[in-house]
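Notes for the one structure printed next.
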Amino acid sequence: MNRRLALLQPYPFERLRALLAQPASAVGAGGEGSRPAPPSRFVNLSIGEPRHATPAPITAALTGALAGLSAYPATAGSPALREAIAAWIGWRHQVPVDPGSELLPVNGSREALFAFAQTIIDPVPGALVVAPNPFYQIYEGAALLAGAQVHLVDQSPQNDLRCNWGAVPAEVWARTQLVFVCSPGNPTGAVMSLAEWQQLFELSDRHGFVIASDECYSEIYLDESAPPLSGLAASTKLGRRGHERLMMFSSLSKRSNVPGMRSGFVAGDASLISAFLKYRTYHGSAMNPAVQAASIAAWQDEQHVVENRRLYQAKFDAVVPLVQAVVPVRRPEAGFYLWLPVPDGDDCRFTWRLFHELNTMVLPGSFLGRRSDSSANPGAGFIRVALVEDLEACVEGVRRICSLLSVAF
Ligand SMILES: Cc1ncc(COP(=O)(O)O)c(C=O)c1O
C-alpha cells in the first residue's frame with residue numbers, strides 16, 4: 001500500500017458529520033436537557049455546491065452529442081473545444097492563447113489540481129509546496145501524495161484575509177517547487193491584485209517555482225464592473241512572455257452550474273501544458289465527447305453566466321446587511337461564501353448549536369485550515385456560509401445565524 005495515503009486528513013465534510021453526531025456536552029454546548037424544537041425547514045449552507053439550474057443549451061448539447069460515445073476521445077480534447085476555450089479566454093481575460101499548445105481541457109479543476117502536483121513535484125527530500133491557509137484541501141493531499149511537504153501561508157484578519165507572500169522565508173522559497181494560489185479565494189472571497197501577482201512572479205523568477213492559479217470562482221463576482229483579475233491577465237499586463245511557470249485552472253462547475261458534468265480547463269506555459277498532457281495521457285483523463293460538446297456550448301454562451309451571477313448578487317444584497325448589523329464584515333469581492341467570525345472563537349460549538357438548535361448547517365472554519373508551528377489555525381473562530389440555496393432559504397439561514405451570533409456580539 002502507498003504509505004503516503006496515511007498522510008491524508010479526513011475531508012472537512014467527514015469531520016462535520018462527526019462533529020454534528022457528538023453529544024452537546026462533548027462540544028461544550030450545555031447538557032442533554034430539553035432544547036426548544038428547531039425550525040422544521042433544514043437549510044444547508046455547508047457545501048460549496050452550486051444549486052442553480054443547469055442552462056438548457058448545455059443539457060441539449062450534451063444529449064445531442066451521445067453518438068460521440070462510440071469513439072475514444074483524445075486527451076488533448078477536440079480542436080473545436082480547444083478553440084472555444086481559447087476564444088473565451090481571449091474575450092474574458094484579454095489574453096491571446098494558442099489553442100494548440102497553451103491549454104488543455106480537464107475533468108473539473110479538482111482532478112487537474114491534483115494531477116498537476118503529480119506532474120510538477122520532484123519528490124526530493126525537503127521538497128515543498130506552498131498553499132494558502134485556510135485552503136481547498138485538495139492542495140494539501142496533492143502535495144503529500146506527490147511526496148512534498150506543505151508550507152502554509154496564513155490568511156488572517158491581520159493580513160486582510162490575504163497571503164503575504166513577502167513574509168515567506170527565503171529558506172522556504174528555496175525548497176518550493178509549486179505554489180497554489182486561490183483567487184477568488186475559497187473561503188475568503190479575496191481576489192489577488194496586480195501588485196500581489198507581481199510580487200509572486202518576481203519570487204517565482206528568483207526561486208524557480210511553478211504557480212498553480214486556482215480560479216474556479218472567477219465568474220461569480222459581485223460587482224459587474226470589476227471582474228476578477230486572472231493570473232494569465234496579470235502576467236500579460238506585466239509583459240511576461242509565454243506565462244513562464246504559470247498555469248491557470250478554470251472550471252464550468254460554478255460558472256455554468258454543472259458541477260456534475262466535470263469540465264474545466266488549464267491554460268498557461270506551453271512547456272507545462274506539454275508535460276501535463278504527457279502525464280494525463282498515461283493517467284487516462286480524456287474528457288467524455290458528449291461533455292466536450294456541452295462544454296463548447298457553455299463556453300460560447302455568456303448570457304446564462306450573467307443571469308447566474310445576478311442570482312448570487314441578489315443573495316449577497318439581501319444577507320450582507322443582515323450580517324453587518326451583527327458582525328463587522330465586508331462584502332466579499334467574489335465567490336459565493338460568507339466568512340464570518342463567531343462569538344468566543346469556538347467555530348465548532350457554534351456550528352453544532354446552529355445545526356441542533358436552528359436546523360441550519362455551515363462549515364466550521366477550523367476544518368478548512370491548519371495550525372502551523374508558529375501560529376494558530378487562521379480558520380478557527382470563523383464559519384463558512386455557502387449561499388447556494390435559493391434566495392429565501394439563504395435569507396432564512398442567515399437570519400438564524402445572526403440570531404445565534406447576536407447572543408455574543
Ligand atoms: C477552491 C476550489 N478549487 C477547486 C474546486 C473544484 O471544483 P471543480 O472540480 O468542480 O472544478 C473547488 C470546489 O468546490 C474549490 O472550492
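The values are calculated or read from the model by the stated rules, or taken from the named source; none is laboratory data. Keep in mind that what you see is a predicted model, and the values were worked out from it rather than measured. Cβ placement follows ideal geometry from the backbone for every residue including glycine, while neighbour counts extend to all protein chains displayed.
Here is how the numbers come out for the structure above:
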| read-out | value |
| --- | --- |
| Those residues of the range 242-263 which are more than 9 Å from the ligand (Cβ to nearest atom) and assigned to a helix (DSSP H, G or I), in sequence order | GLY242, HIS243, ARG255 |
| Long-range neighbours under 9 Å by Cβ, at least six apart or interchain, first residue farther than 14 Å from ARG384 by Cβ within the range 316-342, second among the aromatic types (Phe, Trp, Tyr) and assigned to a helix (DSSP H, G or I) | ARG331/PHE316 |
| Yes/no for PRO343 being closer than 14 Å to ILE401 by Cα and in contact with a Phe, Trp or Tyr (Cβ under 8 Å, 6 or more places away or on another chain) | yes |
| Of all residues in the range 74-106 being without any contact (Cβ under 8 Å) to a residue 60 or more places away in the chain and in a loop (DSSP other than H, G, I, E, B), the one that is surrounded by the fewest Cβ atoms within 10 Å (Cβ to Cβ) | PRO96 |
| Unique residue being within 11 Å of the ligand (Cβ to nearest atom) and in the same structural domain as LYS237 (by TED's automatic domain parsing) when the list is ILE89, ILE85, ILE138 | ILE138 |
| Residue match in the range 57-69 (condition: over 20 Å from the mean Cα position of the chain (by Cα) and on the phi > 0 side of the Ramachandran plot) | no |
| Selection count where residues are of a type in the set (D, E, K, R) and either more than 10 Å from the ligand (Cβ to nearest atom) or without any contact (Cβ under 8 Å) to a residue 24 or more places away in the chain (or both), scope the range 109-134 | 1 |
| Residue within the range 77-96 that is polar (S, T, N, Q) and more than 21 Å from MET287 (Cα to Cα) present | yes |
| Test: residue in the range 44-56 that is exposed (fewer than 13 other Cβ atoms within 10 Å of the Cβ), of a type outside the set (Gly, Ala, Ser) and away from the ligand (no atom under 16 Å from the Cβ) | no |
| Some residue of the range 100-108 being closer than 21 Å to PRO259 by Cβ, polar (S, T, N, Q) and within 16 Å of the ligand (Cβ to nearest atom) | yes |
| Residue within the range 220-239 that is within 11 Å of the ligand (Cβ to nearest atom), surrounded by fewer than 24 Cβ atoms within 10 Å (Cβ to Cβ), under 15 Å from the mean Cα position of the chain (by Cα) and on the phi < 0 side of the Ramachandran plot present | no |
| From the options ALA167, ALA174, ALA195, residue that is away from the ligand (no atom under 16 Å from the Cβ) and either in contact with an Asp or Glu (Cβ under 6 Å, 6 or more places away or on another chain) or touching a residue at least 24 places away in the same chain (Cβ under 8 Å) (or both) | ALA174 |
| Scan of the range 350-373 for residues that are at pLDDT below 95 and under 22 Å from the mean Cα position of the chain (by Cα), ordered by number | ARG371, SER372 |
| Within the range 10-60, tally of residues that are farther than 19 Å from THR351 by Cα and outside any loop (DSSP other than H, G, I, E, B) | 5 |
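Matching residues to (1) in the same structural domain as PHE42 (by TED's automatic domain parsing); (2) in contact with a His (Cβ under 6 Å, 6 or more places away or on another chain); (3) under 25 Å from ALA80 (Cβ atoms); (4) part of a loop (DSSP other than H, G, I, E, B):
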| site | (1), (2), (3), (4) |
| --- | --- |
| MET287 | no, no, yes, yes |
| VAL291 | no, no, yes, no |
| ALA294 | no, no, yes, no |
| GLN313 | yes, no, no, no |
| VAL327 | yes, no, no, yes |
| TRP339 | yes, no, no, no |
| CYS348 | yes, no, no, no |
| ARG353 | yes, no, no, no |
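Residues are listed down the side, and each one gets a yes or a no for (1) crowded, with 17+ Cβ neighbours inside 10 Å; (2) closer than 26 Å to ALA37 by Cβ:
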| position | (1), (2) |
| --- | --- |
| GLU302 | no, no |
| GLU307 | no, no |
| VAL320 | yes, no |
| VAL323 | yes, yes |
| THR360 | yes, yes |
| GLY365 | yes, no |
| GLY379 | yes, no |
| VAL398 | yes, yes |
| SER406 | no, yes |
